[in-house]
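Working notes, structure below.
Read the figures in this text as sums done on the coordinates, not as results from a lab. None of these values were measured; they are calculated from a predicted model. Backbone-built Cβ (ideal geometry, glycine too); neighbour counts: all protein chains shown.
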Amino acid sequence: MEVFTSQQLNYISLISSRCGWSDTVDKAIVIDFYGLSEVKEVHCPQCDAQLAALRK
Ligand SMILES: [Zn+2]
């Protein structure tokens, strides 16, 4: 699992190895656990596989 900063993610295309979806982070699903986790999770909008983690 790669961990990025939000600044890095603006320039990175994500690829879902499960279903082949590929797009930028603003098209993906970002889940914030509000204090429960150090990172936000970035998930594929098609198959819900976790693609990356985002350092807050
Ligand atoms: Zn996918």
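Computed values, structure above
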quantity: Estimated dipole of the chain in Debye, rounded to 20 [Cβ of Lys and Arg +1, of Asp and Glu -1, Cα centre]; calculated: 40 debye
quantity: Approximate spin-label separation I15-D48, in nm, with each point projected 7 Å along Cα-to-Cβ; calculated: 2.5 nm
quantity: The range 3-55 shape via C-alpha gyration tensor axes, a/c threshold 1.5; calculated: oblate
quantity: Charge sum, other residues only, whose C-beta stays under 12 Å from Q46's C-beta, Lys/Arg counted +1 and Asp/Glu -1; calculated: 0
quantity: Local net charge near S6, Cβ-Cβ under 9 Å (Lys/Arg +1, Asp/Glu -1); calculated: +3
quantity: Cleavage-rule hits, chymotrypsin sites (Phe, Trp or Tyr not before Pro), the chain, DSSP coil, Cβ neighbours within 10 Å at most 14; calculated: Y11, F33, Y34
quantity: Within the chain, helix-based [θ] at 222 nm, where runs of 4 or more DSSP H residues each add -39,500 (n - 2.57), nearest 500; calculated: -1000 deg cm²/dmol
quantity: 14 Å reach of a label modelled at E2, 7 Å along Cα-to-Cβ, counting backbone N of the range 19-41; calculated: 22-26
